[in-house]
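Trainee: Quick one: this structure, given as structure tokens, is what I'll be asking you about.
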Amino acid sequence: MRDAPQILLIVDVQNDYCHEAGAFGRAGFPLESIQRAVARLETLLEAWRKSGNAVLFVRTEHSRWTDALGWRKRLRGLKKEVAPEICRAGSWGAEFYRIAPREGELVITKHRFSAFCGTELDLVLRSQGITMLAITGVTTDVCVESTVRGAVDLGYTVTVVGDCCGALEIRDHEMALERIGKYFGTVTTSRELERELRGRDVSGAG
């Protein structure tokens, strides 16, 4: 068995990105593929927790204190207009969608695309001796990929669970996974990762 990830990172599974009443749903983006990815993530998360491995949630929060002028213009290239007030601190849109941390599971709050930008994530992982990450969440081509790039730059070994990630367009999702698999890490499926978890349970049973 290849080296197995030590922690599951769940990136930005929040209402504004995933729920039809959230910011991207209200703008008219189809979210079915993202919602299917979250459904698969629910199953993986249950298996991961049962295996006793660590889980870490990453969420986005924005406010007037972190909204630089250039940052507020980040969505101008989208095919549909989305208000920049996404995942405002304390709002329903910033709440987790369908899954949520349990007691003892850490939540890292970020204000940019990468979970490593301006957060304590690197410090936390190094303090726990964690070097191998399994990354899931949304969107594949933006916050997930940015987090992957940040992790690799810092020396982490990354596995992306492709069917537990989603994007606003299938093509963007597929191209991001292709880039990640070519340059930055390993791309796997939730089924394969669950199989590895069962293998670890069997090998450690006696």
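The values are calculated or read from the model by the stated rules, or taken from the named source; none is laboratory data. On a predicted model such as this, the values are computed, not experimentally measured, just so you know. Every residue, glycine among them, receives a Cβ derived from its backbone with ideal geometry; neighbour counts consider all protein chains shown. Just the protein is used for accessible areas: all its heavy atoms, side chains included, with ligands, DNA and RNA removed. Shrake-Rupley method; radii C 1.70, N 1.55, O 1.52, S 1.80 Å.
Trainee: Does THR147 fit the bill of being modelled with pLDDT of 95 or more, assigned to a helix (DSSP H, G or I) and crowded, with 16+ Cβ neighbours inside 10 Å? Working first, answer last.
Mentor: Numbers: modelled with pLDDT of 95 or more: yes; assigned to a helix (DSSP H, G or I): yes; crowded, with 16+ Cβ neighbours inside 10 Å: yes.
Taking the combined requirement at face value, the residue satisfies it.
Trainee: Which of (1) surrounded by 16 or more Cβ atoms within 10 Å (Cβ to Cβ); (2) assigned to a loop (DSSP other than H, G, I, E, B); (3) touching a Phe, Trp or Tyr at 6+ places or on another chain (Cβ under 9 Å) is the odd one out, the single condition ALA21 does not satisfy?
Mentor: (1)
Trainee: Is there a residue in segment 83-95 that is open to solvent by 40 Å² or more (accessible area, probe 1.4 Å) and assigned to a helix (DSSP H, G or I)?
Mentor: For segment 83-95, residues open to solvent by 40 Å² or more (accessible area, probe 1.4 Å) and assigned to a helix (DSSP H, G or I): present.
Trainee: Right, another one. Identify the single condition in (1) at pLDDT below 95; (2) out of contact with any strand residue (DSSP E or B) (no Cβ under 6 Å at 6 or more places or on another chain); (3) within 23 Å of ALA167 (Cα to Cα) that CYS87 does not satisfy, given that it satisfies every other one.
Mentor: Every listed condition holds for CYS87 apart from (2).
Trainee: Let me ask you something else. Among the candidates GLY206, GLY199, GLY137, single out the residue that is open to solvent by less than 50 Å² (accessible area, probe 1.4 Å), of a type outside the set (A, V, I, L, M, F, W, C) and modelled with pLDDT under 95.
Mentor: GLY199
Trainee: Counting just the residues of segment 154-188 that are within 17 Å of ASP12 (Cβ to Cβ) and β-branched (Val, Ile, Thr), which one comes out surrounded by the fewest Cβ atoms within 10 Å (Cβ to Cβ)?
Mentor: VAL158
Trainee: Considering only residues that are under 12 Å from the mean Cα position of the chain (by Cα), under 21 Å from GLN35 (Cα atoms) and not aliphatic (A, V, I, L, M), which ones fall in segment 98-139?
Mentor: PHE113, THR136, GLY137, THR139
Trainee: Just the residues that are charged (D, E, K, R) and either open to solvent by less than 40 Å² (accessible area, probe 1.4 Å) or more than 19 Å from the chain's Cα centre (by Cα) (or both), please, taken from segment 28-60.
Mentor: LYS50 - this is the single residue of segment 28-60 that is charged (D, E, K, R) and either open to solvent by less than 40 Å² (accessible area, probe 1.4 Å) or more than 19 Å from the chain's Cα centre (by Cα) (or both).
Trainee: Being more than 25 Å from ASP3 (Cα to Cα) and at pLDDT 95 or above is the requirement here; does GLU95 meet it?
Mentor: Spelling it out, GLU95 is indeed more than 25 Å from ASP3 (Cα to Cα) and at pLDDT 95 or above.
Trainee: If I ask for residues that are of a type outside the set (Ser, Thr, Tyr) and outside any loop (DSSP other than H, G, I, E, B), which ones from segment 104-119 would you list?
Mentor: Those that are of a type outside the set (Ser, Thr, Tyr) and outside any loop (DSSP other than H, G, I, E, B): LEU106, VAL107, ILE108, LYS110.
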